[in-house]
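In what follows, a structure is listed as structure tokens, so that the remarks can point back to it.
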Amino acid sequence: MLIDARQLENNTQIEGDICIIGAGAAGISIALELEHTFKKIILLEGGGMEYDDRIQELYNGKITGHPYYPMKASRLHYFGGSTGHWGGMCSTFDDIDFEKRDWVENSGWPIKREDIAKYYPKATSILDLGPCEWNLDYWLKQDPDFKPLPLDEKVIWTKMWQFSPPTRFGKKYKDAIVNSKTIQLHIYANVVDLDATESINSITQVTVKNYAGKQHTVKAKNFILACSAMQNARVLLACNKQAPKGLGNDNDLVGRYFMEHAEIKTGELWLNHTDKLKLYLMEQFTKVRAELAISPEKQRELQVLNGSISLMPLELSNKTIPSVKLWSNDDPRKSLDTFKKYSTLDKRNFIQRFFSKSIYQSYGLFTRVEQLPHPESRVVLSNEKDELGIPRANLFWALSPIDKKTVFTINKLLGQQIGAAGIGRVKLKEFLLDGDVQLPDYTSGGWHHLGTTRMSDDPKHGVVDANCKIHGIDNLYVAGSSCYTTGGAVNPTLTVVAISLRLANHIKEKMAIV
Ligand SMILES: Cc1cc2nc3c(=O)[nH]c(=O)nc-3n(C[C@H](O)[C@H](O)[C@H](O)COP(=O)(O)OP(=O)(O)OC[C@H]3O[C@@H](n4cnc5c(N)ncnc54)[C@H](O)[C@@H]3O)c2cc1C
């Protein structure tokens, strides 16, 4: 059922078994997973069914620290969330991403890869990917033109990626949600406050508001915050009338450890002979592609983070501009237009033009690494308020020297491997050799917001526990990538959906309805 909260009588009291706040990839996945479990699921969406600039404006805030995309434009605030213009690139986390790594401060999840991996098959299907197969050998059998570079996999290994169409949750799952007998979707229902019991160990109700001047309350047994990492932190910090530092923030962790993926062009690969490297390239209809990733053994030995390199024909790579320079308009639609014009996204004209030859001798290297979880990299509340009276969120994004060391190390290892295999040479960009310990200002993020309510068994080190429940509050959960303890080196959404399905199944077990 679809309800427009602007049309309800003021101060309507809504009640359900469970209340999910935010209808993006995480919130919609959870609602559909719970559809046949509960009689009444309340799904609250702050925006409408389509883009609305007045709602989008609620995301506005200031960027300090490392340059980043405008706050207003780095997420979408309507039904379907940021999948309204995500790119669809997906891959899985590695075992090492979950480990406590002595050389990576603040690393170590309280769960293992297999705890999430159980949910990859279903997440793969929700995102309309191909088979849930991530093994190189499987894909080599699917296409005789897929040929891996002859590198030592104990140094650099070939990691598989898949591309979602990309699935727009707001379109694909609209009918399933709206026609559901158990899901009650409320749009224009921006959550502005959460009330707790006197001892703040349980949530009793949430308050929603909209610009029609209406305010309503929602009661439920369990609440799930699924507003994405920046807004999850903002909502919790702004709920400070009972807990002065904000809900779940007794240990001053909410909003901290904001992470992204550092993404940058790093060099050139010159082969001795032309080669189409089909396994590694993204063309117009590519659904599967590989990247060159640093092995866990080398991460341990050289004390660096996880990361990988993708390839594109050098003549195309030379024309691409760092995303942080292109995605600079406050209006996400305008930023997307500019981005499409200059990037590899506009598949119809741009890629076709540059892939006309389809066989090349030189390739550009583009590196993506996880970043060190850094407590000063954080979302904080601003003194300014939005139209609904809630303090805006500001972002201070901080990178660390190990991030640059990782970028350099992966590219150096690739160069050594290419040389040792006798197939060509790698030329590194000057910034990798300039002695500066920080990555340059034009290093971009991937629009991946991670880590502001990080997971840990210890409330002194994390906001949520292994079940994504906020420490100390028995019925408040957080969904999605804000729970990531470390970011892995892959785009987050496949794991966002998987971790959300895991949370939904935990809720079923908790309520003993499996
Ligand atoms: C340009 C771009 C490209 C991307 N490309 C990729 C990619 O190639 N691969 C990849 O893996 N990821 C990519 N991403 C990231 C991907 O979009 C996110 O990982 C994913 O959307 C996260 O899902 P989510 O549900 O946590 O958040 P969102 O999808 O942002 O959904 C959050 C929802 O909560 C709602 N909400 C927010 N605040 C409130 C409130 N107070 N009350 C009620 N509702 C609220 C929002 O309106 C929204 O519907 C990209 C993102 C962008 C912006």
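The values are calculated or read from the model by the stated rules, or taken from the named source; none is laboratory data. Computed from a predicted structure; not experimentally measured. So basically every Cβ, Gly included, is an ideal-geometry build from the backbone, and we count neighbours across all protein chains shown.
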Look at ILE96 and say whether it is assigned to a helix (DSSP H, G or I), within 13 Å of the ligand (Cβ to nearest atom) and not small (Gly, Ala, Ser).
no
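Just checking, which of ALA238, ALA293 is in contact with a Lys or Arg (Cβ under 9 Å, 6 or more places away or on another chain) and either crowded, with 22+ Cβ neighbours inside 10 Å or touching a residue at least 12 places away in the same chain (Cβ under 8 Å) (or both)? So that I can check it myself, show each step before the final result.
Working: ALA238 fails: in contact with a Lys or Arg (Cβ under 9 Å, 6 or more places away or on another chain).
One residue alone meets the criteria, ALA293.
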Please identify the pairs in which a residue from the range 72-101 that is without any contact (Cβ under 8 Å) to a residue 12 or more places away in the chain has its Cβ atom under 9 Å from the Cβ atom of a residue that is assigned to a loop (DSSP other than H, G, I, E, B) and within 12 Å of the ligand (Cβ to nearest atom), counting only partners at least 6 apart or on another chain.
none
Quick one: count up the residues across the range 86-132 that are over 24 Å from VAL369 (Cβ atoms), of a type outside the set (Ser, Thr, Tyr) and either surrounded by 19 or more Cβ atoms within 10 Å (Cβ to Cβ) or touching a Phe, Trp or Tyr at 6+ places or on another chain (Cβ under 7 Å) (or both).
2
Reported set for the range 419-475 where residues are among the basic types (Lys, Arg), closer than 30 Å to SER323 by Cβ and more than 16 Å from the ligand (Cβ to nearest atom) is ARG425, LYS427, LYS429
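From ALA512, ALA466, which residue is at positive phi and assigned to a loop (DSSP other than H, G, I, E, B)? Break it down into steps so the answer makes sense when it comes.
Values: ALA466 fails: at positive phi.
Result: ALA512 is the single residue among ALA512, ALA466 that is at positive phi and assigned to a loop (DSSP other than H, G, I, E, B).
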Which of the numbered conditions does ARG289 fail, given that it passes all the others? Conditions: (1) outside any loop (DSSP other than H, G, I, E, B); (2) within 22 Å of PHE431 (Cβ to Cβ).
(2)
Do we find a residue being among the β-branched types (Val, Ile, Thr) and at pLDDT below 95 anywhere in the range 295-314?
no
Going by the structure shown, is LYS122 part of a loop (DSSP other than H, G, I, E, B) and basic (Lys, Arg)?
no
The range 219-229: number of residues that are surrounded by fewer than 22 Cβ atoms within 10 Å (Cβ to Cβ) and of a type outside the set (S, T, N, Q):
2
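Among what's in the range 210-247 and is among the hydroxyl-bearing types (Ser, Thr, Tyr) and more than 27 Å from the chain's Cα centre (by Cα), pick the residue that is modelled with the lowest pLDDT.
Within the range 210-247, the subset among the hydroxyl-bearing types (Ser, Thr, Tyr) is 211, 217, 228.
Next, from what is left, pick out any that are more than 27 Å from the chain's Cα centre (by Cα): 211, 217.
Details: TYR211: 95, THR217: 98.
Of everything passing the filter in the range 210-247, TYR211 is modelled with the lowest pLDDT.
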Taking the range 57-84, which residues are near the ligand (Cβ under 9 Å from one of its atoms) and outside any loop (DSSP other than H, G, I, E, B)?
LEU58, TYR59, ALA73, GLY81, SER82, THR83, GLY84
Return the residues of the range 301-331 that are in a helix (DSSP H, G or I) and within 25 Å of the chain's Cα centre (by Cα); say none if nothing qualifies.
SER317, SER323, VAL324, LYS325, LEU326
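Of all residues in the range 34-56 being assigned to a strand (DSSP E or B) and among the β-branched types (Val, Ile, Thr), which is nearest to the ligand (Cβ to nearest atom)? Explain how you work it out, then say what you get.
Step one: filter the range 34-56 for residues assigned to a strand (DSSP E or B), giving 41-44.
When the remaining residues are screened for being among the β-branched types (Val, Ile, Thr), the result is 41-42.
Details: ILE41: 15, ILE42: 11 Å.
Once the filter is applied, the top-ranked residue is ILE42.
Considering only residues that are within 6 Å of the ligand (Cβ to nearest atom) and outside any helix (DSSP H, G or I), look in the range 14-30 and name the one that is surrounded by the most Cβ atoms within 10 Å (Cβ to Cβ). Working first, answer last.
If we filter the range 14-30 for residues that are within 6 Å of the ligand (Cβ to nearest atom), which is where we start, we get 21-27.
When the remaining residues are screened for being outside any helix (DSSP H, G or I), the result is 21-24.
Details: ILE21: 28, GLY22: 27, ALA23: 32, GLY24: 30.
In this case the residue turns out to be ALA23.
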